[in-house]
Amino acid sequence: DGIGKIGNPKCGDVLVLQIKVGKKHEKDYIKDIKFKTLGCAAAIATSSVLTELAKGKTLSDAAKIKSQDIVDKLGGLPLVKYHCSLLGSDALKLAIKNYKSKTKKK
């Protein structure tokens, strides 16, 4: 229902995030979430953790997920890999924005 694609030109990592949105108590929530990451192990791990954090949350709660939440859930990341956590939170915001732009037209 929504797609967020983001890349980091510095390291070459690319994340494509797809969300499936459902309705619960008249609120939109993330029913399912999938990702495809081209990048290092840290980029893949942060993308995976993001899906765990976001699935089942309302769109407004999911949009509040920060890169630090991802790092904390992983138990930390080396400082040189911290930028990988930014991919996930940014792609999620883009996917939510994409979904909302599609539903406004209906």
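The values are calculated or read from the model by the stated rules, or taken from the named source; none is laboratory data. Predicted, not measured: the structure shown is a model, and the values here were computed from it. Glycine gets a Cβ as well: all are built from the backbone with ideal geometry, and neighbour counts include every protein chain shown. Heads up: the accessible areas ignore ligands, DNA and RNA and are worked out on the full protein's heavy atoms, side chains in. Shrake-Rupley method; radii C 1.70, N 1.55, O 1.52, S 1.80 Å.
Under 8 Å between Cβ atoms, which residue pairs at least 6 apart in sequence (or on different chains) link something in region 13-29 that is under 17 Å from LYS93 (Cα atoms) with a partner that is among the basic types (Lys, Arg) and not in a strand (DSSP E or B)? Once the first residue is under 17 Å from LYS93 (Cα atoms) and sits in region 13-29, its partners that are among the basic types (Lys, Arg) and not in a strand (DSSP E or B) give TYR29/LYS57.
Annotation: of all residues in region 20-29 being assigned to a strand (DSSP E or B) and out of contact with any Asp or Glu (no Cβ under 6 Å at 6 or more places or on another chain), the one that is most open to solvent (accessible area, probe 1.4 Å) is LYS23. Restricting the first member to region 87-99 and to residues that are β-branched (Val, Ile, Thr), and the second to residues that are part of a helix (DSSP H, G or I) and buried (at least 23 other Cβ atoms within 10 Å of the Cβ), the beta-carbon pairs closer than 7 Å and six or more apart or on different chains are ILE96/ALA62. Hey, among the residues in region 30-44 that are touching a helix residue (DSSP H, G or I) at 6+ places or on another chain (Cβ under 6 Å) and not in a strand (DSSP E or B), which one's surrounded by the most Cβ atoms within 10 Å (Cβ to Cβ)? It comes out as ALA43.
Taken as a whole, the structure places CYS11 among residues that are open to solvent by less than 70 Å² (accessible area, probe 1.4 Å) and touching a His at 6+ places or on another chain (Cβ under 8 Å). Looking across GLY75, GLY56, GLY88, one residue alone is surrounded by 13 or more Cβ atoms within 10 Å (Cβ to Cβ) and on the phi > 0 side of the Ramachandran plot. It is GLY56. Selection of region 46-71 for residues being of a type in the set (A, V, I, L, M) and over 12 Å from the mean Cα position of the chain (by Cα) yields only VAL71.
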